[in-house]
Structure formats: structure tokens, C-alpha cells
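Presented below is the structure to which this report refers.
Derivation of every value follows stated rules applied to the coordinates shown; laboratory data play no part. Being a predicted model, the structure only gives us computed values, none of them experimental. Methodologically, a virtual Cβ is constructed for each residue, glycine included, from the backbone with ideal geometry; neighbour enumeration extends over all protein chains shown.
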Amino acid sequence: MDHSTQHITSVEVCIIGGGPAGLMAAEVLARAGRAVHLYDAMPSLGRKFLLAGIGGMNITHSEDKANFARRYTDSTDWVGSWLAQFDAQQVREWVHGLGIETFVGSSGRVFPKEMKAAPLLRAWLQRLRSMGVKIHTRSRWLGWDAQGALHIATVDGAQYVQANAVLLALGGGSWPRLGSDAAWLPILQQRAIAVAALQASNCGFEVAAWSPYFAARYLGAPVKNCALSVAGQAFRQGEWVITASGVEGSLIYALSAQIRQQINQTGCCTVLLDCLPHKSVAQIQSALEKTRGKKTLTKHLQAQLGLDGVKAALLRECAPPDSFNDMSQLARYIKALPIELLRPRPLAEAISTAGGVCAENFDQHLMLQQLPGVFCAGEMLNWDAPTGGYLLTACLASGFVAGQGMLRWLAAGSVAD
């Protein structure tokens with residue numbers, strides 16, 4: 001591009017992406033007196049944040065720091081370094097500073113008192129604007145031109161922006177209709193920046209097929225008071241839901257990283273369902289071996305074990321037929337019923353994505369070593385977390401770390417004004 005005919009806008013700080021990570025970095029920089037311009041492709045900011053909060057805005061989690069950091073599995077050390085600077089307690093204090101009260105639910109999750117995301121986002125944007133942050137919507141980043149200016153497509157045509165510090169906070173690849181469409185991925189790969197393939201996380205998984213009988217009666221049914229295990233690991237309690245294609249829900253999301261890893265390694269994943277986590281195999285077998293008289297086995301399961309509805313139907317669906325003639329076998333299947341999962345649901349349906357820009361690309365302040373002055377934050381980084389407040393907390397923490405890093409970069413004067 002010949003800039004002799006193309007106007008370039010010069011700004012101090014340019015943030016691309018108006019989700020939680022980008023907004024947090026904007027706050028850090030604006031609070032320090034820096035002039036921040038924030039660009040987002042969508043007509044309004046925080047769309048995924050708002051949708052995620054429709055069922056109850058889960059901000060963070062109240063568990064202790066060590067256990068909290070371990071939720072990030074393979075990325076515990078990297079994400080833990082962000083949490084060392086902005087942890088769950090600081091997230092709560094920050095929310096309180098916006099005038100939003102919080103409470104800890106019975107699960108340990110932290111929610112706004114009103115359980116809604118909209119008041120929080122509204123108060124946040126109002127504060128950012130009062131701090132001087134300039135927000136540009138309907139402005140899609142398309143990469144850099146030959147001279148290193150940011151190329152941004154707007155409703156008024158192409159704009160070219162030169163900034164002293166740049167943050168990319170463009171999200172992953174889930175819910176693309178809300179803005180996280182991973183269009184940034186080839187742009188960074190062309191710059192020889194290592195990016196791990198995006199994969200669905202906190203998502204549903206598909207089975208080969210439910211039987212017509214089962215699908216007709218139990219589509220959408222919640223499976224409660226149960227536990228699941230993946231790859232011989234400890235059982236985890238919770239609940240999940242039967243879908244037309246397979247399984248979904250909070251317990252499935254919590255295990256999605258393990259399930260995905262097993263599918264990647266072997267082509268499928270067999271999860272084990274404990275239908276009665278509060279009873280032992282011996283207790284179940286003893287109950288099953290009681291005289292049932294003229295009762296059917298279905299009625300016997302219900303009378304002796306309270307096993308009925310979707311759990312009893314899953315037992316019929318997944319246990320071998322001959323196990324129903326051997327109570328010792330049936331007891332073992334009730335405690336460890338195999339359900340074979342073949343693949344995750346499509347990326348666009350996932351709550352979040354694993355994969356993204358790899359840790360080795362960055363310095364400790366989340367600046368790309370190949371592109372001095374360019375930082376990244378949020379879900380576009382290569383980390384993963386379950387639902388429960390961990391996703392949002394890490395996004396905010398990464399935005400905080402990147403914002404602090406940008407302040408250091410600007411203070412050092414590494415880029416000419």
C-alpha cells in the first residue's frame with residue numbers, strides 16, 4: 001500500500017477485540033493515563049460475555065489458589081503466572097468496584113447478586129468511556145500492511161492505524177456469530193507465529209446413535225446424581241443431559257479436555273457412568289439378588305435401588321444384553337456403565353476453544369517476541385479451562401498482564417512516538 005495516497009491514523013495504544021481480555025487491558029492502560037483506541041468487528045462489545053451470562057453470570061470461583069490454578073491442566077504454570085498478578089479475589093474486588101455485589105453459590109462459584117452480565121458490562125463500558133477509552137465498533141482488523149500499519153475495515157472503508165503498542169484480544173473460534181471467528185489465525189501463521197489448532201472445549205460429544213426408543217423418550221433428559229470417569233481416572237460427580245447426537249452439560253464440560261485428549265489419541269473415548277455413586281457394587285448386587293417375585297427387572301431396579309427413568313434406560317441402552325441375566329455383572333455395569341463417545345460437537349457450538357497462540361511465542365508480559373510491541377490476551381492464547389468461572393478469570397487476568405506489559409513497553413520508549 002502506498003501511504004502517499006492513504007491516510008494513516010496514529011494512536012498511542014490500539015486494542016483489537018472488545019471482550020473481557022481486551023476491556024481489562026484497556027482499563028489498565030487508561031487508568032495509567034494512556035490514550036486507548038479499542039476496535040471491534042461487531043456492532044457492540046462483549047457479545048459472547050453477555051450470552052454466557054444469560055443462564056446466570058458465573059464470574060469466578062471461590063476455591064483456594066492452588067486448586068484454582070490446577071483447573072488449567074497442561075497450562076497451569078502459564079495461566080498461574082497471570083493469576084499471580086490478578087487472581088479470583090481481585091476479580092471479585094474489581095466487580096465490587098463497578099458497584100456490582102457478588103455472592104458465593106453452593107458449588108463455590110461466584111455470581112453477581114442479580115445473576116446477570118448486562119449490568120456489569122454496562123457499568124464497565126461507562127467507566128472505560130469516562131476514562132477516555134475511544135471505542136470503534138464495526139471495525140474489523142484484517143492484518144498489517146507492508147509498512148506495518150494495522151489494516152482495519154470499517155463501514156466507511158479501509159482505515160490504517162499506526163500504534164505504539166497493540167493488543168490482539170480476538171477470542172477463539174467458538175460462537176463465531178458473536179465475533180470469535182478465528183479469522184486472526186492465518187494472519188498470525190503468515191508471520192511464522194506458532195499456533196496450536198483450535199479444538200472444541202466445554203462442548204457436547206457425539207455417540208454412534210441412540211436407539212429410536214431411547215431417543216424418542218429421553219431427548220433432553222437430565223442425568224442427575226451420578227458420576228463419570230474418563231480413562232481410568234477418578235469419578236467426578238455432577239449432572240449432564242441427553243442430546244439428539246449424544247451427551248452435553250456441566251459434568252461433560254468439566255471432563256471435555258480429558259475426553260478430547262482420549263479421542264485425539266485413540267479415535268474414541270469410553271466414559272464410565274456410575275449410576276449410583278453412593279452405593280458400592282456389593283450393596284447393589286445384594287439388592288438385586290433379593291427375591292423379586294412377579295416383578296419385572298425394571299420394577300425390581302426401581303423398588304430396590306431407585307434406579308428408573310433415564311438411568312435405567314441408559315443401562316438398557318449400553319450394557320450387554322446378557323448382563324441382565326447375571327446380577328453380579330449387572331451390579332458392575334450400574335457402577336461403571338460404558339458410553340462410547342466418538343467426536344466433539346462442531347467448534348461453532350462449543351462454549352470455548354482449546355488451542356491458539358502458543359506460549360513459546362511470548363515473553364513474560366504476553367508480548368510476541370517476533371512482533372515487538374504486539375501483545376495477545378484472552379481465549380486466542382493456547383490454554384484451556386472448564387466452566388465455573390475459570391474461563392472468565394483467566395481472560396481477565398491475561399488482559400491485566402498484557403496491559404501491564406504494554407505500560408512497560410511504552411514507558412521504555414521502545415517505539416518512536
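For each of 73, 387, count neighbouring Cβ atoms within 10 Å of the residue's Cβ, then give the residues from fewest to most.
Sorted ascending by nearby Cβ count, the order is 73, 387.
For the chain, with a Gaussian network of springs between Cα atoms less than 10 Å apart, report the residue from 41, 163, 231 with the top mean-square fluctuation.
Looking only at 41, 163, 231, the biggest GNM fluctuation is shown by 231.
Among 212, 119, 246, whose Cα projects farthest towards the positive end of the dipole of the chain, with charges put on the beta-carbon of Lys, Arg (+1) and Asp, Glu (-1)?
Looking along the dipole axis, the top candidate is 212.
Would you mind checking the tilt of helix 20-31 against the longest principal axis of the Cα atoms of the chain, expressed as 0 to 90 degrees and rounded to 10?
Once rounded, one gets 40 degrees.
Helix 309-318 versus the longest principal axis of the chain: what is the Cα-based angle in degrees, 0 to 90, to the nearest 10?
90 degrees
Quick one: net charge around residue 25, please, counting Lys, Arg +1 and Asp, Glu -1 for every other residue with C-beta under 15 Å from its C-beta. Don't skip to the end; give the middle numbers.
On the way: positive: 31, 34, 127, 134, 408; negative: 12, 27, 40, 379.
Every neighbour counted, the sum reads +1.
Considering the chain as a Gaussian network with a 10 Å cut-off on Cα pairs, which listed residue, 270, 393, 296, attains the greatest mean-square fluctuation?
Among 270, 393, 296, the largest mean-square fluctuation in the Gaussian network model of the chain belongs to 296.
What is the dipole size for the chain, taken about its Cα centre, with +1 at each Lys and Arg Cβ and -1 at each Asp and Glu Cβ, in debye to the nearest 20?
Magnitude of the dipole: close to 1400 debye.
Taking loop as defined by DSSP and a crowding limit of 14 other beta carbons within 10 Å, which GluC sites (Glu not before Pro) in the range 88-179 fit?
Within the range 88-179, the qualifying GluC sites (Glu not before Pro) (loop, at most 14 other Cβ atoms within 10 Å) are 101, 114.
Antiparallel versus total DSSP beta bridges in the chain: what percent is that, nearest 5?
The antiparallel fraction comes to roughly 70 percent.
Amide H of residue 38 versus every other amide H placed in the peptide plane: which residues, excluding those fewer than 5 positions away on the same chain, fall under 5 Å?
When sequence neighbours closer than 5 places are left aside, the close amide H contacts are 15, 134, 135, 136.
Using every pair of alpha-carbon atoms in the range 86-132, split the distances into 5 Å bins beginning at 0 and state the percent of pairs per bin, rounded to integers.
5, 20, 29, 25, 14, 5, 2, 1
With an 8 Å cut-off on Cα pairs and a minimum separation of 6 or more residues, tell me the relative contact order of the range 260-386 in percent. Walk me through the intermediate numbers first.
Working: 128 pairs, mean separation 36.1, N = 127.
Relative CO of the range 260-386 lands at 28 percent.
Using a basic spin-label model with each label point 7 Å from the Cα along Cα→Cβ, how many nm lie between residue 190 and residue 234?
For the pair residue 190/residue 234, the computed spacing is 4.8 nm.
May I ask you to list the trypsin sites (Lys or Arg not before Pro) in the range 316-417 that are in a DSSP loop and have at most 13 other Cβ atoms within 10 Å of their Cβ?
none
Report the extension gain between residue 140 and residue 183 in nm, rounded to one decimal, defined as 0.36 nm multiplied by the number of residues separating them, less their alpha carbon distance.
Length difference between fully extended and current span is 14.5 nm.
Take each of the peptides 198-210, 150-162, average the number of other beta-carbon atoms within 10 Å over its residues, and list them starting from the highest. Don't skip to the end; give the middle numbers.
On the way: 198-210: 20.5, 150-162: 15.2.
The densest-packed peptide leads the list: 198-210, 150-162.
Using Cα pairs under 8 angstrom and six or more residues apart, how large is the relative contact order of the chain, in percent?
24 percent
Could you give the alpha-carbon Rg of the range 1-153 over 2.2 N^0.38 Å, rounded to two decimals?
Dividing the Cα radius of gyration by 2.2 N^0.38 Å gives 1.21.
May I ask for the equivalent-ellipsoid semi-axes of the range 327-417, computed as the square root of five times each C-alpha gyration tensor eigenvalue and listed largest first in whole Å? Provide the component values of the computation, followed by the final result.
On the way: eigenvalues 385, 34, 23 Å².
With the √(5λ) rule applied to the range 327-417, the semi-axes are 44, 13, 11 Å.
Sorted by packing (mean other beta-carbon atoms within 10 Å per residue), highest first, where do 352-360, 134-142 land? Provide the component values of the computation, followed by the final result.
Working: 352-360: 21.4, 134-142: 17.0.
Answer by packing, highest mean first, reads 352-360, 134-142.
Which of rounded, prolate or oblate describes the range 186-257 when judged by the alpha-carbon gyration tensor and an a/c cut-off of 1.5?
Prolate.
Multiply the residue separation of residue 208 and residue 358 by 0.36 nm, subtract the distance between their alpha-carbon atoms, and state the gained length in nm to one decimal.
On the way: separation 150, 0.36 × 150 = 54.00 nm, distance 3.34 nm.
Once the chain is fully extended between residue 208 and residue 358, it gains 50.7 nm.
Roughly how many Å is it from the Cα centre of the range 233-269 to that of the range 150-173, as a whole number?
So the separation of the two Cα centres works out to 37 Å.
Please figure out what share of the DSSP beta bridges in the range 1-154 is antiparallel and state it in percent, rounded to the nearest 5. Spell out each step's value before the answer.
On the way: 9 of 16 bridges.
Antiparallel: roughly 55 percent of the beta bridges in the range 1-154.
Over the chain, with a Gaussian network built from C-alpha contacts below 10 Å, which listed residue (320, 212, 112) shows the highest mean-square fluctuation?
Largest GNM mean-square fluctuation: 212.
Where does helix 256-266 land angle-wise versus the long Cα axis of the chain, in degrees 0 to 90, nearest 10?
That works out to roughly 80 degrees.
Calculate for the chain the 222 nm mean residue ellipticity that helices alone would give, adding -39,500 (n - 2.57) per DSSP H run of length 4 or more and normalising by residue count, nearest 500 deg cm²/dmol.
Numbers: 15 runs with 143 residues, N = 417.
Rounded to the nearest 500, it is -10000 deg cm²/dmol.
Given all pairs of different Cα atoms, what value in angstroms does the Kirkwood hydrodynamic radius of the range 242-347 take?
15.1 Å
As an exercise, find the ratio Rg/Rh for the chain from alpha-carbon atoms, using the Kirkwood inverse-distance average for Rh.
Ratio value, two decimals: 1.07.
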